[in-house]
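Chemist: Handing you a structure now.
Coordinate-derived values only; no laboratory data. Every value quoted in this text rests on a predicted model; they were computed, and no experiment measured them. A quick note on method: Cβ atoms are made from the backbone with ideal geometry, for glycine too, and the neighbour counts reach across all protein chains shown.
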Amino acid sequence: MATSRDALPLRFKNPRTKEALRELSAQTGASMTDIAEKAVEHELALLGADLERRLVAALDVVQSYTPEVDLEAYLAEVAVGERSGLEPVRSVRARHLDDRFGVLAAFRQG
């Protein structure tokens, strides 16, 4: 008895990618679907590992926050944001914090 599979139609933006998939399928004997599924699994694992790494780095930065040292600079930044007419918290840039882990850049990538 055949097992059911969830379907997700693939629409390739780059025709060369689809052609490469077709050629790899012909050379290996594996179906295009199996190759694509393995590629997606691999990419998800890499993206998940990268996200975890960035979140751990962000948590380290948050945990290293020392209000007695950083609070005044943070409040000054919030005040600048409020005067700007923009959303205050989004206007704050933690320039006073060490961004050695690239946390700010990671969150800008969204």
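Chemist: With a/c under 1.5 counting as rounded, go ahead and sort segment 1-81 into rounded, prolate or oblate using the C-alpha gyration tensor (a ≥ b ≥ c being the square roots of the eigenvalues; past the cut-off, prolate if a/b is larger than b/c, else oblate). Walk me through the numbers before you get to the answer.
Modeler: On the way: a/c = 3.90, a/b = 3.10, b/c = 1.26.
Here segment 1-81 falls in the prolate category.
Chemist: Once a ≥ b ≥ c are taken as the square roots of the eigenvalues of the Cα gyration tensor of segment 45-87, is the result rounded (a/c under 1.5), prolate (a/b larger than b/c) or oblate (a/b not larger than b/c)? Could the numbers behind the result be given before it?
Modeler: Numbers: a/c = 7.50, a/b = 1.81, b/c = 4.14.
Taking the square roots of the gyration eigenvalues as a ≥ b ≥ c, segment 45-87 is oblate.
Chemist: Here's a follow-up. What is the spin-label model distance, in nm, from ARG16 to THR33 if the labels are put 7 Å beyond Cα along the C-beta direction?
Modeler: Reported label-point gap for ARG16 and THR33 is 2.9 nm.
Chemist: Compute the distance in nm between two label points, each set 7 Å from the Cα along the Cα-to-Cβ direction, one at VAL78 and one at THR66.
Modeler: 2.1 nm
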